[in-house]
Amino acid sequence: MSASPFFSVITATFKRGNLIKPTIESVLDQSEQDFEYLVVGDGCTDETEAAVRGFNSDKIRWLNLPENRGSQSYANNHGISAARGKWICYLGHDDLWSPDHLRSFRELIERDREADFVVAGLVDWGPPDSGWLAITGIFDSSDAVATNFTPPSSIAHRREAIARSGGWSDPFEIVLPVDSDFLLRAYEAGMRFVSTKQVTVHKFTAALRYLAYLRPDDAEQRAALAMLRASTMPASDALIAEAKKRELFLFHKHAHTNFKPGERHLRMRHGKGLRLPPLQPLEGETVIKQDAAMRAGDWEGTAEEQPATRRSWMNPRPKILIPYSGGAADFSIEVAQMPAFRDGGRLRVLVNDSEVETKFKPSRTGGGLLSFRGELAADNYTIVSLLIAPPLLDPAPRIAHAEYDRIVVGDVRLRPAKRGLLEKILASLRFRG
């Protein structure tokens, strides 16, 4: 590898472990090979280092902050300080690049010598079967950056751009998300942005996947990587056309809000599963009430007309966090509106990925009471999934999708399950064994 590669690629990571491998593989698959790859842990203590070193590639360097800081800002800045490339690129630890991503960057850089930032088209895939397919990063004028947000996985900038506009900000000192802040400061410093106008980035944002860090998974990334390698991923033009049809083309805007510094950052961590209520043993009947906490693509905020309820959003398999541990529990969920099912379908429920039998007692208002028994995790949070769509068989990203209705839920009650005589005998026998 060159002592001064053309590109330095930086991936900030935390709690991804072996699941980071598809992202790394998509970088190593690049047709443009004049790059170094810095994977920077945000105080990682899991198997991430072993996963990275397992590639045994002289292109990859593993760096790790001494403690977790809770934002990509710190890892990105650390990576920049260690980078040797002329141009700096970023790739999220759960995102993928098409094989021609860096090549399209270099071709544009060599055509346009005045560019400070180059931006690739990015498709933001929502949860499977959500129908969410948003495109960003496609523009004609540098001024588009002032309005339209583009995630870091689709940008590259000159190394010296950092001296002109500064590095990545501390998330607790700013109102905007750190990536919006980074781009807008560069734009306000007079830097010139140009777009490749080709979709070469595939994003599976944790901000749309409730509790993504609590139960991480790489099934979507693995399926997408296989499609990229087999050249079966929908082409750039098809993705752009579909996003326009769904009114999701250049949908992402900079999140200007009235939040206090650091407030939005903390809310996003809640939705991803990085900031959770304390885990407690279930010792008696308890009620989990709905609140307005951010829950990614699973649930809308509480409605003004029904403030004690939440309506599901894009994910047709929305999840409910249960911050209690223990054994078997009896659940009852107040349903203000049951979704309509086609072709004789019904609502199915998973407790920690295991399907349970349910009973539904309808009310005159179109809702009712959903009851079931499930096994709480012994020493971890439990996740209840409400399957409006059928169980997921294929996580691969796709343009075609079905339309699913939504569910509106209220209080979630649970209590330790009462065991019958036979259950007590069996439990006693298991204990003695």
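Read-outs throughout are calculated quantities, based only on the coordinates presented, and are distinct from any laboratory measurement. Keep in mind it's a predicted model, so treat the numbers as computed, not measured. Cβ coordinates were reconstructed from backbone atoms using ideal geometry, including for glycine residues, and neighbour counts include every protein chain displayed.
In table form, for the structure just shown:
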{"read-out": "Equivalent ellipsoid semi-axes, the stretch 103-236, via Cα gyration tensor eigenvalues times 5, rooted, Å", "value": "27, 20, 12"}
{"read-out": "Leading residue at positive end of dipole, the stretch 7-265 (Cβ point charges), from 63, 193, 44", "value": "193"}
{"read-out": "Tail fraction, Cα-Cα pairs, the stretch 7-265, threshold 34 Å, whole percent", "value": "10 percent"}
{"read-out": "The stretch 172-209 versus the stretch 95-158: alpha-carbon centroid distance in Å", "value": "9 Å"}
{"read-out": "Value of relative contact order over the chain, rounded to a whole percent, pairs C-alpha under 8 Å and six or more apart", "value": "15 percent"}
{"read-out": "Where labels lie 7 Å past Cα in the beta-carbon direction, separation of residue 380 and residue 159 in nm", "value": "4.2 nm"}
{"read-out": "Potential extension, residue 402-residue 170 segment - 0.36 nm per residue separation minus Cα distance", "value": "79.4 nm"}
{"read-out": "Taking the convex hull of Cα positions in the stretch 280-422, its mean projected area over all directions (nm²)", "value": "10.4 nm²"}
{"read-out": "Projected label distance in nm at residue 415 and residue 57, using a 7 Å step from Cα toward the beta-carbon", "value": "5.6 nm"}
{"read-out": "Residue 285 paired with residue 231, simple spin-label distance in nm, labels 7 Å along Cα-to-beta-carbon", "value": "6.4 nm"}
{"read-out": "Whole-number percent relative contact order across the stretch 159-315, with pairs defined as alpha carbons under 8 Å at least 6 apart", "value": "27 percent"}
{"read-out": "Semi-axis lengths (Å, descending) of the ellipsoid that matches the C-alpha gyration tensor of the stretch 1-157", "value": "24, 20, 15"}
{"read-out": "Average Cα contact separation per residue, the stretch 7-265, under 8 Å, 6 or more apart, as relative contact order %", "value": "24 percent"}
{"read-out": "Local electrostatic count at residue 258 - Lys and Arg +1, Asp and Glu -1, tallied over other residues with Cβ under 14 Å", "value": "+2"}
{"read-out": "Environment charge at residue 326 (Cβ cut-off 10 Å; Lys +1, Arg +1, Asp -1, Glu -1)", "value": "-3"}
{"read-out": "Cβ-placed point charges (K, R +1; D, E -1), dipole of the stretch 169-285 about Cα centre in debye, nearest 20", "value": "360 debye"}
{"read-out": "Test item: Cα-centred dipole of the stretch 7-265, Lys/Arg +1 and Asp/Glu -1 on Cβ, debye", "value": "100 debye"}
{"read-out": "Set 59/203; 245/359; 21/319; 197/260 screened for pairs whose C-alpha atoms are more than 30 Å apart", "value": "245/359; 197/260"}
{"read-out": "Taking N as its residue count, the alpha carbon Rg of the chain over 2.2 N^0.38 Å", "value": "1.06"}
{"read-out": "Among beta bridges that DSSP assigns inside the chain, antiparallel share in %, nearest 5", "value": "65 percent"}
{"read-out": "Student exercise, the chain dipole from Lys, Arg, Asp, Glu Cβ charges, in Debye to nearest 20", "value": "960 debye"}
{"read-out": "Under 15 Å, Cβ to Cβ, from residue 312 - net charge with Lys/Arg +1 and Asp/Glu -1", "value": "+2"}
{"read-out": "Helical contribution to [θ] at 222 nm, DSSP H n ≥ 4, -39,500 (n - 2.57), averaged over the chain, rounded to 500", "value": "-6500 deg cm²/dmol"}
